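The values are calculated or read from the model by the stated rules, or taken from the named source; none is laboratory data. This is a predicted model, so every value here is computed, not measured. Note that each Cβ is placed from the backbone with ideal geometry, even for glycine, and that neighbours are counted across all protein chains shown. When the accessible area is computed, the model is the full protein with side chains, heavy atoms only, and any ligands, DNA or RNA have been set aside. Shrake-Rupley method; radii C 1.70, N 1.55, O 1.52, S 1.80 Å.
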Amino acid sequence: MYVNWTTSLNAIAANANAFTHVSPTLYSLNYNYTGSGAYYSTCPYSTGYNCSANGSNNFSGMTAAQMAAKITAMGMQAVPAIYAGAANGGSDTGVQNILNNTGGAGDSFITSMVSEAVANGYAGYNLDWEMGSGVGGSYATSFVTFVNKFKAALAVHSMSLSVDAIVSNINGTWCSSNNGYLDFASFAKS
């Protein structure tokens with residue numbers, strides 16, 4: 001779910017037996033993230049999907065916690081998506097800061113987002129990070145390290161973490177020029 005929150009939830013409720021998880025896109029990292037929690041996806045845009053400031057916690061009149069409670073009441077798990085990346089209409093800078101842990105950005109992100117998940121009653125998160133060519137194979141190790149650390153912090157609260165994979169970010173594919181940061185062999189070893 002990305003827009004039309006109430007309409008989308010009503011359509012999901014009408015077909016609830018077809019779903020186990022709902023992933024509303026509530027957060028964005030399409031900006032120069034340096035610490036704290038990710039911006040709400042209702043952020044004002046400077047260009048494309050690049051956020052110029054934090055958005056409001058208002059999704060068709062619901063807060064993120066209210067949306068999660070509604071999803072849970074329908075018998076499904078709320079697993080909000082966090083979108084980012086040049087191939088996702090925005091900027092790679094925030095994710096690069098997290099993966100490089102620039103100024104503690106990666107640690108701050110994990111701590112803040114786990115607290116946000118606990119406070120809002122989430123079942124975990126989904127990373128919809130569609131990076132541009134600037135985030136290639138040199139980031140594979142730091143991505144695995146970050147994902148494992150984030151996953152472990154969420155697991156303390158019985159929460160999950162999933163990652164979207166687009167072919168241009170997968171190492172070993174023609175579309176990534178064999179230089180993707182999503183290196184499945186590295187994940188298998190961790």
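Answer yes or no as to whether residue 144 is in contact with a strand residue (DSSP E or B) (Cβ under 9 Å, 6 or more places away or on another chain) and among the β-branched types (Val, Ile, Thr). Explain how you work it out, then say what you get.
Values: in contact with a strand residue (DSSP E or B) (Cβ under 9 Å, 6 or more places away or on another chain): no; among the β-branched types (Val, Ile, Thr): yes.
Against the criterion (in contact with a strand residue (DSSP E or B) (Cβ under 9 Å, 6 or more places away or on another chain) and among the β-branched types (Val, Ile, Thr)), residue 144 does not qualify.
Just wondering, is there one or more residues in region 40-51 that are in contact with a helix residue (DSSP H, G or I) (Cβ under 9 Å, 6 or more places away or on another chain), over 18 Å from residue 159 (Cβ atoms) and at pLDDT 95 or above?
yes
Does residue 125 fit the bill of being assigned to a strand (DSSP E or B), out of contact with any Cys (no Cβ under 6 Å at 6 or more places or on another chain) and touching a residue at least 12 places away in the same chain (Cβ under 8 Å)?
yes
For region 11-117, which fully contained strands (runs of 3 or more DSSP E) count at least 2 residues that are open to solvent by less than 40 Å² (accessible area, probe 1.4 Å)? Before the answer, list the steps.
On the way: elements: 25-28, 45-47, 81-84.
Filter on region 11-117 gives 25-28, 81-84.
Six or more apart or on different chains, Cβ atoms under 8 Å: show the pairs whose first residue is in region 45-73 and within 11 Å of residue 24 (Cβ to Cβ) and whose second is part of a loop (DSSP other than H, G, I, E, B) and among the small types (Gly, Ala, Ser).
Close Cβ pairs (under 8 Å, with a partner that is part of a loop (DSSP other than H, G, I, E, B) and among the small types (Gly, Ala, Ser)) amount to 68/121.
Of the conditions (1) out of contact with any Phe, Trp or Tyr (no Cβ under 8 Å at 6 or more places or on another chain); (2) closer than 19 Å to residue 123 by Cα, residue 100 satisfies every one except a single condition; which number is it?
With respect to (1) out of contact with any Phe, Trp or Tyr (no Cβ under 8 Å at 6 or more places or on another chain); (2) closer than 19 Å to residue 123 by Cα, residue 100 is out only on (2).
What pairs come out if I take residues in region 170-190 that are assigned to a helix (DSSP H, G or I) and pair them with residues that are open to solvent by 60 Å² or more (accessible area, probe 1.4 Å) and among the aliphatic types (A, V, I, L, M) whose C-beta lies under 6 Å away, six or more apart or interchain?
Correct list of pairs: 175/167.
Kindly indicate the residue of region 156-190 that is more than 29 Å from residue 111 (Cα to Cα) and over 18 Å from the mean Cα position of the chain (by Cα) and also least open to solvent (accessible area, probe 1.4 Å) among those meeting that condition.
Across region 156-190, the extreme among qualifying residues is 176.
Give just the number: which of (1) surrounded by 21 or more Cβ atoms within 10 Å (Cβ to Cβ); (2) part of a loop (DSSP other than H, G, I, E, B) does residue 134 not satisfy?
Against the list (1) surrounded by 21 or more Cβ atoms within 10 Å (Cβ to Cβ); (2) part of a loop (DSSP other than H, G, I, E, B), residue 134 comes up short only on (1).
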